[in-house]
Each structure stands twice: as C-alpha cells, then as structure tokens.
Amino acid sequence: MTIRRAVYPGSFDPAHYGHIDITTRAARTFDEVIVAVYDKPAKQLLFTVDERVAMLREALKDITNVRVAPFSGLLVHYVREVGAFAIVRGLRVFSDFELEFRMALANRRLAPEIDVINFIADEKHLHISSSTVREIASLGGDVSSMVPPAIEAALIAKFSDPNRDGAGTNYVVSLPD
Ligand code: PNS
C-alpha cells in the first residue's frame with residue numbers, strides 16, 4: 001500500500017495554534033505529515049532551527065502520524081527525498097493568497113508532480129502569525145491564547161535573556177508569517 005505522505009513546511013518561529021490546527025487537519029487527510037522546519041529563512045529569526053523543531057515536537061507529540069524534521073535547501077528537493085506527493089500550507093487572510101499562489105506556482109514549475117494543498121485554520125486562529133506572537137511577547141504581552149504553554153515559556157525565557165543573539169532587536173514589525 002502506498003503511504004499518502006505530505007510535507008507541511010514553514011519557518012515556525014515560533015509555531016502557534018494556527019500551525020497546530022493546520023497540522024491536525026492535514027493529519028486527518030494524509031497517512032503521514034512531516035512538519036518540515038526550514039533552517040535558514042531569509043528573515044531575522046528568534047529561535048534556532050533546533051529550538052523550533054523541539055518546540056514543535058512537544059506541541060505535536062499527541063498526533064501519531066505527524067513527525068517534525070528540519071530541512072535545508074529547496075523545498076521540492078526535500079519533498080521528493082522523503083517520498084511525499086503534496087505540500088501543505090495554511091491560508092488565513094486574503095493577503096496570504098498572493099504569496100502562497102506565487103510559491104505554489106514556483107514549486108510546480110520545479111516539481112510538476114507535487115501538488116500544494118491549502119487548509120484554512122479554525123477562525124479563532126486566523127489572525128495569529130508568528131510575527132504577531134514575537135511582537136507581543138517581546139513587549140511582555142500575554143500570548144497564552146496563541147501558543148501552547150511550552151512555547152509561551154520559551155518566549156518569556158528568550159526575551160528575558162539579555163545575552164541572547166539579537167537582544168535589543170525591535171520586534172514591533174507585523175510581518176505576515
Ligand atoms: O513559514 P514561512 O516563512 O512562510 O515558510 C516559507 C517556506 C519555508 C515554506 C519557504 O520559504 C520555503 O519553501 N523555503 C525553502 C526554499 C525554497 O524551496 N524556496 C522556493 C520556494 S518558492
């Protein structure tokens with residue numbers, strides 16, 4: 001029997017309830033979902049790839065057909081390497097659509113056999129983005145309704161560490177990730 005495997009890629013800096021909701025929906029649709037954490041997105045990161053992977057593993061540990069792994073390089077190469085046939089992405093608001101559309105078409109140009117399947121998160125999570133979470137947490141705000149407790153604790157620890165890389169960075173920039 002062929003395993004219907006999908007890859008859900010992202011920066012997950014950090015993961016939030018919207019990502020968990022999308023993963024849960026994808027896990028109901030596919031036999032196996034690999035949540036693939038991109039190691040070096042072209043943006044200022046708060047968490048290392050190992051930290052992002054560890055936080056997601058903890059958050060998703062109860063979903064048996066989901067595994068979390070880091071990836072480098074081109075997404076379509078990774079998708080082929082792990083024997084998946086689909087890329088999962090979440091859609092929240094209209095402004096997500098253009099970027100997702102362009103990414104899906106670029107990936108299709110590179111790998112026509114791989115389809116992109118978009119899921120829409122529960123409406124109570126639609127406004128959450130990692131950048132909003134980082135921004136609120138950096139200002140001491142309450143993100144407990146947006147991220148699981150372990151990720152909230154990691155954010156508090158990160159922002160209270162004056163020696164961390166990038167300490168003093170202004171996170172008050174709302175970017176749609
Ligand atoms: O959570 P994000 O930052 O929106 O995720 C973006 C991600 C990691 C899915 C995208 O940047 C990506 O696929 N990067 C891997 C490099 C690649 O394949 N780039 C071409 C995609 S069009």
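With angles folded into 0 to 90 degrees, how steeply does helix 49-59 sit against the dominant principal axis of the chain? Use alpha carbons for both and round to 10.
Between the helix axis and the principal axis of the chain, the angle is about 80 degrees.
With everything on Cα atoms, drop me the angle between helix 17-29 and the longest principal axis of the chain, reported from 0 to 90° to the nearest 10.
Long axis of 17-29 versus the principal axis of the chain: about 20 degrees.
Quick one: which of 12-24, 147-159 comes out on top by average Cβ neighbours within 10 Å, and what's the full order, highest first?
12-24, 147-159
If you project the alpha carbons of the stretch 79-172 onto the principal axes, what extent comes out on each, in Å, largest first?
Result for the stretch 79-172: principal-axis Cα extents of 47, 30, 23 Å.
If N is the number of residues in the stretch 1-84, what value comes out of its Cα radius of gyration divided by 2.2 N^0.38 Å?
It is 1.04.
On a 0 to 90 degree scale, rounded to 10, what angle separates helix 94-110 from the longest Cα axis of the chain?
Approximately 50 degrees, to the nearest 10.
With every protein chain kept in place and ligands, DNA and RNA left out, what is the accessible area per residue of the stretch 108-154? Probe 1.4 Å, answer in Å².
That works out to 54 Å² per residue.
When the dipole is taken about the Cα centre of the stretch 5-125, and only Lys, Arg (+1) and Asp, Glu (-1) are charged at their Cβ, what size is it in debye, to the nearest 20?
180
Per the 1.4 Å probe, what fraction of the accessible area of the chain, in percent, lies on carbon and sulfur atoms?
Carbon and sulfur together cover 56 percent of it.
Using +1 at the C-beta of Lys and Arg and -1 at the C-beta of Asp and Glu, which of 106, 15, 63 has the Cα lying farthest in the positive direction of the dipole of the chain?
Most positive-ward Cα: 106.
For the ranges 36-43, 135-142, what's the packing order if you count other beta-carbon atoms within 10 Å of each residue, average per peptide, and put the highest first?
Top to bottom by mean Cβ count within 10 Å: 36-43, 135-142.
P(r) for the chain, please, calculated from all Cα pair distances in 5 Å bins and given in %.
The calculated distribution, bin by bin, is 1, 8, 17, 21, 22, 15, 9, 5, 1, 0, 0.
The values are calculated or read from the model by the stated rules, or taken from the named source; none is laboratory data. Note that the coordinates shown come from a computational prediction; the quantities given were computed from them, not determined experimentally. Positions of Cβ are generated from backbone atoms using ideal geometry, with glycine treated the same way; all protein chains shown enter the neighbour counts. The area values use the complete protein model at the heavy-atom level, side chains included, leaving out ligands, DNA and RNA. Shrake-Rupley method; radii C 1.70, N 1.55, O 1.52, S 1.80 Å.
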